[in-house]
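What follows is a short report on a single structure.
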Amino acid sequence: MSKLIGEYTAEVTGLMQTIAKEEEENILKAADLLSDKVNEGRLINIFGAGGHSAIAAMEIFWRAGGLAQVNPLFPVGTNIITAGPTTAKVTGLAPYILNFYDVNQDDVLILVNFYGLNIVSVDVAIEAQKRGVKLITVNAHKFAQKVPKDFIWRHPNKKNINDYADIAVDNHVPYPDAILKHPGIPEEFAPTATTLTCFTLNLMMAETIRMIKEKGGTPEIWVSNNIPGCDEHNKPIHDKYRHRIHHLYPVW
């Protein structure tokens, strides 16, 4: 095994083990809340705010082996795909985002920003708290603390999303995210945030599915669209939630 492959593998798997050990309590608390909301007939709303953080919402939405009742928030301009121009650094959009996706009192929102200080993510956290939305945050706590309060791309109130959380889960992304070094290259390279955050969310969703069943509910789970029988299994679920989940669309 090459030196870099070995180093990256060891570091990332070590961080994943840290998440599994140190975040278990909060992950289980989050799953308990999420499973209750699903059994009440509510959706699991998730907003991956800023740049690549939208990948976190993509990871658990309409996903093979994933729960059907996931409503992702993909407002234009807040991720790298639709940032033309970016709105991820604009204050005041949160009420419009939550209104558009029907996130209101007693709903639950998983708010993901890899590092936790993105402007629109903090704005949404503030608005969620105002509305009485139950807020689960996923971000790098130590990373957010390390970024200076006067950093130009912080929210004007200088806070992090986990400051507003009912349940705050740490993805343990190290500062400055990338972890590898090589002689003659001044910058660190090979990022960790996507892998660690998606891993954290999959732990949370696995426990949520288990708890839904154990509390008397029936988890509705997508199967891969690339295996025989997928349409027969998935289409009834799709048709049930198409008019409640904004980004579901017909593929048949």
How big is the Rg/Rh ratio for the stretch 175-252, C-alpha atoms only, Rh by Kirkwood, two decimals? 1.19
Output the DSSP H helices from the chain with an along-axis C-alpha extent of no less than 27 Å and a mean Kyte-Doolittle hydropathy no less than -0.5. 3-22, 193-214
For residue 240, the accessible surface traced by a 1.4 Å probe with all protein chains present amounts, in square angstrom to the nearest 10, to 120 Å²
Any chance you could list P(r) for the stretch 143-211, counting all Cα-Cα pairs in 10 angstrom bins from zero, rounded to whole %? 16, 35, 33, 14, 2, 0
Carbon/sulfur fraction of accessible area - the chain, other protein chains in place, 1.4 Å, %: 56 percent
Computed over the stretch 90-145, the convex hull of the Cα set has an average projected area, in nm², of 3.6 nm²
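Sum -39500 (n - 2.57) across every DSSP H segment of at least 4 residues in the chain, then divide by the residue count to get the 222 nm mean residue ellipticity, nearest 500.
Dividing the helical sum by the residues of the chain leaves -13000 deg cm²/dmol.
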List, in the order given, every pair from 89/130; 159/235; 215/240 whose Cα-Cα distance in the structure shown is over 31 Å. 159/235
In whole angstrom, note down how far apart the Cα centers of the stretch 214-237 and the stretch 156-197 are. 34 Å
Compactness of the chain, expressed as Rg and Dmax over alpha-carbon positions, Å: 18.4, 59
Over all viewing directions the Cα convex hull of the stretch 60-159 casts an average projected area in nm² of 7.1 nm²
Can you give me the three principal axis dimensions of the stretch 63-115 from its C-alpha atoms, in Å, biggest first? 33, 28, 22
Which three numbers, in whole Å and largest first, are the semi-axes of the equivalent ellipsoid of the stretch 12-77 derived from its Cα gyration tensor as √(5λ)? 21, 19, 11
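The values are calculated or read from the model by the stated rules, or taken from the named source; none is laboratory data. Every value quoted in this text rests on a predicted model; they were computed, and no experiment measured them. Ligands, DNA and RNA are stripped out before the accessible areas are found, and what is left, the full protein with its side chains, is counted by its heavy atoms. Shrake-Rupley method; radii C 1.70, N 1.55, O 1.52, S 1.80 Å.
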